[in-house]
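**Student:** First the structure, then my questions, so here it is.
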Amino acid sequence: MKKLIIGNWKMYPSKLKDAQEKFKAIKKIAGTFRNVQTVVCPPLVYISELKKLTTGYRCVLGSQNAWFEKEGAFTGEVSLSMLASIGVQYVIVGHSERRAMGETDELVNKKVLAGIKEKMTVVLCVGERERDQDGEYMRFISEQIKDALHGVQKKELKQIVIAYEPIWAIGKHADHPASIDDALEVTILIKKTLADMFGKDGAIISILYGGSVDAKNAWEFLLKSQVDGLLVGRASLDPKVFGEILESAEKIKPSK
Ligand code: 13P
């Protein structure tokens, strides 16, 4: 299976022209890699414009969020159905920055189910705020997954990706990324949780790591922490650095 590398641009850049230039540069590099599926998740307002620049399938667009109802009186929201109708194939759900704004497990679950219905690939984010000695964070992550995937059918599992993003490793205030061992431990926990929920069918779900990924550490995460890809924040806004991350992924032999 191809490595899945997703760039989450968050609320950057502040001008459409910049977004177009960055996307064009990323698309050009991504188009040369056969073993990597690249997804760029720009601010929602740029999606339609950037969509005009996507021709192939090696670099596609995703949304950072969306609302679960098809349409209705939800001022300021954009629905999964609307995104699907303009050809957006991926959606990030339950990012910790959205959970911090009040998004509950129940809402995350509704978005997961709606994304599946729209035939999109749902990138479910999970991760703990901090680590404790007693391993409470493991129980927390497992519960986040169980709550978010409640009601998902086995035949729908190929539409789910789980991104492990420890909150303490995200963004410019993070002291450091997770260690390879930290990421590996949780990858194994996620696999076990999925096996408990769905039996061997759970193994179809791809697992990503995210949190201070850069051109220097991408290779090691991909090689040693048993993940199928990466969810990249800051580094995805620099086409050169993001290109190097894609190149690392390209060099790893496809699995599964
Ligand atoms: P950084 O790569 O900037 O730490 O962000 C990670 C993230 O939140 C991606 O969704």
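**Student:** Could you say which residue among VAL186, VAL232 is within 16 Å of the ligand (Cβ to nearest atom), within 14 Å of ILE5 (Cα to Cα) and of a type in the set (A, V, I, L, M)?
**Tutor:** VAL232
**Student:** I would also like to ask the following. LYS191 fails exactly one of the following numbered conditions: (1) under 22 Å from MET1 (Cα atoms); (2) within 14 Å of the ligand (Cβ to nearest atom). What is the number of that condition?
**Tutor:** Unmet condition: (2).
**Student:** Of the residues in the stretch 235-256, how many are over 16 Å from the mean Cα position of the chain (by Cα), hydroxyl-bearing (Ser, Thr, Tyr) and either within 15 Å of the ligand (Cβ to nearest atom) or modelled with pLDDT of 95 or more (or both)?
**Tutor:** Residues flagged as over 16 Å from the mean Cα position of the chain (by Cα), hydroxyl-bearing (Ser, Thr, Tyr) and either within 15 Å of the ligand (Cβ to nearest atom) or modelled with pLDDT of 95 or more (or both) within the stretch 235-256 amount to 1.
**Student:** Among the residues in the stretch 25-34, are any in contact with a helix residue (DSSP H, G or I) (Cβ under 7 Å, 6 or more places away or on another chain), touching a residue at least 40 places away in the same chain (Cβ under 8 Å) and not hydrophobic (A, V, I, L, M, F, W, C)?
**Tutor:** Scanning the stretch 25-34 turns up no residue that is in contact with a helix residue (DSSP H, G or I) (Cβ under 7 Å, 6 or more places away or on another chain), touching a residue at least 40 places away in the same chain (Cβ under 8 Å) and not hydrophobic (A, V, I, L, M, F, W, C).
**Student:** When residues of the stretch 205-234 are filtered for being more than 21 Å from LYS192 (Cβ to Cβ) and more than 16 Å from the chain's Cα centre (by Cα), how many remain?
**Tutor:** 6
**Student:** Would you check which residues across the stretch 125-184 are in contact with a Pro (Cβ under 8 Å, 6 or more places away or on another chain) and small (Gly, Ala, Ser) and list them?
**Tutor:** If the condition is that a residue be in contact with a Pro (Cβ under 8 Å, 6 or more places away or on another chain) and small (Gly, Ala, Ser), then GLY127, ALA169, ALA178 are the ones that fit.
**Student:** Mind checking which residues of the stretch 93-125 are free of Cβ contacts under 8 Å to residues at least 40 places away in the same chain and either within 16 Å of the ligand (Cβ to nearest atom) or within 15 Å of ILE205 (Cβ to Cβ) (or both)?
**Tutor:** If the condition is that a residue be free of Cβ contacts under 8 Å to residues at least 40 places away in the same chain and either within 16 Å of the ligand (Cβ to nearest atom) or within 15 Å of ILE205 (Cβ to Cβ) (or both), then ARG98, ARG99, ALA100, MET101, GLU103, VAL122, LEU124 are the ones that fit.
**Student:** Report, by residue number, each residue of the stretch 210-229 that is within 12 Å of the ligand (Cβ to nearest atom) and either modelled with pLDDT under 95 or of a type in the set (Phe, Trp, Tyr) (or both).
**Tutor:** PHE221
**Student:** So ASP132 clears everything in (1) more than 15 Å from the chain's Cα centre (by Cα); (2) in a helix (DSSP H, G or I) except one condition, right? Which one?
**Tutor:** For ASP132, the exception is condition (2).
**Student:** Moving on. Please specify each residue of the stretch 164-183 satisfying the condition of being under 21 Å from ASP147 (Cα atoms) and either away from the ligand (no atom under 16 Å from the Cβ) or of a type in the set (Asp, Glu) (or both).
**Tutor:** Result: GLU165, single match.
**Student:** So which residues in the stretch 118-152 are loosely packed, with under 13 Cβ neighbours inside 10 Å and in contact with an Asp or Glu (Cβ under 6 Å, 6 or more places away or on another chain)?
**Tutor:** none
The values are calculated or read from the model by the stated rules, or taken from the named source; none is laboratory data. Just so it is clear, the structure is predicted and the values come from calculations on it, not from any experiment. Note that each Cβ is placed from the backbone with ideal geometry, even for glycine, and that neighbours are counted across all protein chains shown.
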